[in-house]
Every structure is written in structure tokens, then in C-alpha cells.
Amino acid sequence: MAASAYPKTLTLRDGSAVTVRPLRSGDRDALGDFLRRIPAEDRKFLKDDVTRPEVVEAWCREINPARVLPLIAEGEGKVVADASLHRRTAGWLRHVGEVRLVVDPEFRRRGLGSRLLEEIILLAQAEGLDKLVAELTPEEMAARKAFERHGFRQVAVIPDLVRDQTGTARDLLVLVLDLGTALLPDWYY
């Protein structure tokens with residue numbers, strides 16, 4: 001499975017549909033609107049300050065699928081989720097990808113986050129990666145449970161390693177998925 005497999009329509013648990021496709025340079029405004037809809041309480045856990053327009057502009061301008069494969073989900077005429085597979089092309093972590101995922105509050109609890117995580121897992125497998133890493137804070141319990149349902153296991157807790165957008169020190173949880181044992185629904189294969 002590669003980026004050429006998109007766009008793809010996903011049906012969510014409530015019967016609504018979203019279209020998943022790779023991020024394009026022209027998505028800057030729609031992506032920015034989506035990220036501004038994410039509550040400040042949730043945004044503080046994102047690795048980048050997405051309230052800064054130059055951050056979103058750089059994401060859309062510097063698309064390089066060899067390093068980051070960003071997917072967006074569109075529903076009801078707007079971007080409703082962002083999922084990305086980050087990887088290195090050389091070095092001792094070239095076999096490891098990192099997954100990042102954020103879902104619009106209006107689309108949570110419909111299965112969208114899980115479906116996008118499954119898309120990222122499939123992309124990582126297609127790219128020949130061996131492992132996927134997710135980095136979270138202990139406060140992100142819903143996300144942690146979703147990752148664990150897909151086979152991710154906590155391998156480390158690093159006290160006070162990261163600072164959220166408010167400057168508060170937080171523990172970092174490192175979860176890892178062995179892509180050879182990924183737990184996806186049978187119909188995905």
C-alpha cells in the first residue's frame with residue numbers, strides 16, 4: 001500500500017463517511033482551520049505549536065513523503081483529522097517509524113482515530129518498516145488505549161522529559177508496535 005492508494009473513503013461506526021488522502025500544499029488554510037478547532041487542552045500535547053501559521057505553512061510547503069507521509073481526513077466539507085508517518089531514510093533508526101495522530105473533537109468516538117492508525121500501520125508495513133513508535137504523555141489516556149488496542153506496548157517512561165505548550169514538564173511514554181505482530185482487523189488484509 002502506498003500513497004497511490006488514496007484517496008480512500010472510510011465509513012465510521014456511526015455510518016458517516018470521511019475521505020482520507022495525502023496532505024497537499026493547497027491544504028494550508030483547511031489544515032490550519034482544523035488545528036485551531038482542537039481544544040487548547042489537547043493542543044498542548046502536540047509536538048509543534050500549531051497555533052503559529054508558519055508551522056502549518058511549513059508542513060504544507062515542505063511535503064517530503066520519503067521522510068513524512070501526512071494523511072488528512074475530510075468530512076462534512078472540512079479537515080477532521082491528521083495522521084502522519086515519520087521516518088528516517090538512513091541511520092540506525094531507518095527501520096522505525098513514528099506515528100502522530102489528532103482528531104477533531106466532533107469526530108472522536110466514531111472510530112476515526114483507530115481507522116487512521118490502521119492506515120498508518122499498513123503504510124509502515126508497505127514501506128518495509130519493522131517498528132512503529134508513539135510518544136505520549138500519561139494524560140493522553142484515550143490515545144494510549146487506542147494504541148494499545150492495536151498492539152502497541154509501553155516500553156519506557158521518561159520522567160519530566162518534555163515540556164508541553166504551556167511550559168509544564170511532563171513524563172514521556174514511549175509505546176512501540178512490532179509491525180510483524182500488528183493487530184488489524186482481518187478485512188484489512
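We did not get these values from a lab; they are worked out from the coordinates using the rules stated. Predicted model, so just to flag it, every value in this text is computed and none were measured. With ideal geometry, Cβ positions are generated from the backbone for all residues, glycine too; neighbour counts draw on all protein chains shown.
How high is the relative contact order of the range 3-133, in percent, counting Cα pairs under 8 Å that sit 6 or more residues apart?
Details: 196 pairs, mean separation 28.4, N = 131.
Relative contact order for the range 3-133 comes out at 22 percent.
Quickly estimate the mean residue ellipticity at 222 nm for the chain, helices only: each DSSP H run with n ≥ 4 gives -39500 (n - 2.57), and the total goes over all residues, rounded to 500. Walk me through the intermediate numbers first.
Numbers: 5 runs with 47 residues, N = 189.
Value at 222 nm, helices only, nearest 500: -7000 deg cm²/dmol.
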* **Rg followed by Dmax, in Å, when the chain is reduced to its Cα trace** => 15.8, 43
* Rounding to the nearest 20 debye, state how big the charge dipole of the chain is about its Cα centre with +1 on each Lys and Arg Cβ and -1 on each Asp and Glu Cβ. => 180
* Provide the net charge surrounding Gly113, with neighbours chosen by a C-beta distance below 14 Å and charges set as Lys +1, Arg +1, Asp -1, Glu -1. => 0
* Asked: Between Ser4 and Thr19, 0.36 nm times their residue separation minus their Cα-Cα distance comes to what?
  -> 4.0 nm
* Asked: For labels at Glu54 and Leu93 in the simple 7 Å Cα→Cβ model, what's the distance in nm?
  -> 2.5
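For the range 79-155, what relative contact order do you get, as a whole percent, if you take Cα pairs closer than 8 Å and at least 6 residues apart? Can you show the working numbers first?
Working: 79 pairs, mean separation 22.8, N = 77.
In percent, rounded to a whole number, it is 30.
For Gly180, what charge total do you get from the other residues with a beta carbon under 13 Å from its beta carbon, if Lys and Arg give +1 and Asp and Glu give -1? Don't jump to the answer; show the numbers that get you there.
Numbers: positive: Lys131; negative: Asp130, Asp178.
Here the count lands on -1.
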* Structure fact -> Set Lys47/Lys145; Lys78/Lys131; Lys8/Lys78; Lys44/Lys78, cut-off 24 Å on Cα-Cα distance; pairs above it are Lys78/Lys131
* In a shell of Cβ-Cβ distance under 12 Å around Ala156, excluding Ala156 itself, what net charge do Lys and Arg (+1) and Asp and Glu (-1) give? -> -1
